Amino acid sequence: MITLKENSQTQNSNKLPIQATEPKWLQTMRAIVQPIENLDRHQNKYGDIFISRFAGLPTQVIISNPQGIQELFTADSKLLESGSGSNIVQPLLGANSLILLDGDRHLQQRKLLMPSFHGERMKAYGKLICEVAEQVTSQWTIGQPFVARPSMQDISLKVILRTVFGLEEGERYQKIQQVLTEMLDTFNSPLSAVFLFFKSLQRDLGAWSPWGKFVRRRQQFDDLIYQEIRERRNQPESQGEDILSLLLSARDENGQTMSDVELRDELMTMLFAGHETTAIALAWALYWVHYVPEVREKLLQELNSIDIANADPTTITQLPYLNAVCSETLRIYPVVFFSLPRILQAPMQLMGYDLPTGMTISVCTYLTHQRPDIYPEPKRFRPERFLERQFSPYEFLPFGGGNRRCLGMAFALFEMKLVLATIMSHYSLELLEKAPVKPVRRGIVFAPAGGVHLMVKEKL
Ligand code: HEM
């Protein structure tokens, strides 16, 4: 049962949503250790809008009702702040990250970055994505197992280093790849993710302490990035089509260029937001395609209907079943379970509830995507549902929405489809997982537990 009676619009006036009764510490532990079970339990018990409390975070309204999500995403953006509610990522991304900005500065930065992820630029990335996928997978050995998530991360990181930084293979490229991967691995277990949530744990107690290790890796990463920025500033003739080139030449309305720190934070944001998310989505896609044999068969049939090796990337990305497989992958376990928080700058009525200034609202994408009234048999992987009907942006929202909708949405979908098509058309794989794979927390995203083990059977 999804919607509690009290949640109907007319009965809610002057009331707050129902509050989860479990103690804060228990809600926090469950959210970290059993995220799926915890969310399912809350939805069953409290309905599709409720108040939850987690240690280290402000009290939040969690919403998964499409009508409420529409009200939120279409509200005046001046009414909602996100940046100030995303402090948890500041140690990683820096204070100038798009994710941490609000108001006019946020709008300006989005305008500046947006063209890099759309239109003609995307087409240029298509060939590069297929090349990188072929290069990384050519290291797979027939008869050998491999783990999908790190392998997909290798692809997505190489793609982003080349598109965002314009970096070609070389010493700095290798080093950035290594340090960034190690830095993100600091948060690879649900418990180490706790460090992001509690400021009191963020203490550098030496190179072997968890936070100390993170801080040193971040310093190494920053040194590499600042070297690259300095060299590129000194060699204007080397500017290319990449996003760093675009940002280096950008000017604000006063004619000011971006400072080195601003550039570093924005580059880190692209790297952080752009590569691990896509890699996790791809690992899930490989899991589901090999978990449901009929899906694999149908997908192969569609891919075999065109000459993948010579096809224009856009022809591949428009294949309907491939699109349905990627959408269903992002529906069932959406990688980012919650949108960025929205903090009310003035009182707001949401689904008839009166929410006060300062209240934090988080859209729970996972719960919206699990609603049986929108997605019958929600726990079943069934791409056909995306061929049978269209879902509104408030029913299907793996990339969030409103003025904060994921900047890299088109890029991520493009990459997912091209990499999946390249792998499926080159290799036959076998899933080695004996039991259903569940999502676990990795920092602020949710990834398949164990990373998805597969075996390379033969080259097709
Ligand atoms: C499958 C891959 C991805 C998923 C599932 C994903 C998901 C999301 C979600 C849910 C949000 C928050 C939206 C909201 O609160 O309304 C977001 C924001 C963002 N994403 Fe992505 N993302 C992905 C890939 C990418 C890529 C490839 C890039 C860039 C290279 C990127 C850059 C960003 C940025 C910069 C923001 C912040 C936008 C803002 O604050 O205005 N993401 N993403």
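The values are calculated or read from the model by the stated rules, or taken from the named source; none is laboratory data. Every value quoted in this text rests on a predicted model; they were computed, and no experiment measured them. What goes into the accessible areas is simple: the full protein's heavy atoms, side chains included, and nothing from ligands, DNA or RNA. Shrake-Rupley method; radii C 1.70, N 1.55, O 1.52, S 1.80 Å.
Mind jotting down the distance between the C-alpha centroids of region 271-292 and region 14-88, whole Å?
Value for the Cα centre distance between the two parts: 25 Å.
Whole Å is fine, so just give me how far the alpha carbon centre of region 410-432 lies from that of region 231-248.
The distance from the Cα centre of region 410-432 to that of region 231-248 comes to 31 Å.
How much accessible area per residue does region 64-196 have, in Å², with a 1.4 Å probe?
With all protein chains present, region 64-196 gives 42 Å² per residue.
Would you kindly work out the equivalent ellipsoid of the chain from its C-alpha gyration tensor and give its semi-axes, the square roots of five times the eigenvalues, largest first in whole Å?
Its equivalent ellipsoid spans semi-axes of 33, 29, 22 Å.
Carbon-plus-sulfur fraction of the accessible area of region 10-117, 1.4 Å probe, in percent?
55 percent
Give the Rg (one decimal place) followed by the Dmax (whole number) of region 378-460, computed from C-alpha coordinates and expressed in Å.
15.9, 46
Regarding region 273-351, what whole-number volume in Å³ per residue does the convex hull of its Cα atoms give?
155 Å³
Could you work out [θ]222 nm for the chain from helices alone, using -39500 (n - 2.57) per DSSP H run of at least four and dividing by all its residues? Round to the nearest 500 deg cm²/dmol.
-15000 deg cm²/dmol
Enter the Cα centre distance for the pair region 95-145 and region 346-402, rounded to the nearest angstrom.
Using only Cα atoms, the two centres lie 25 Å from each other.
Restricting to Cα pairs below 8 Å that are 6+ residues apart, what does the relative contact order work out to for the chain? Please round to a whole percent.
The normalised contact order for the chain reaches 26 percent.
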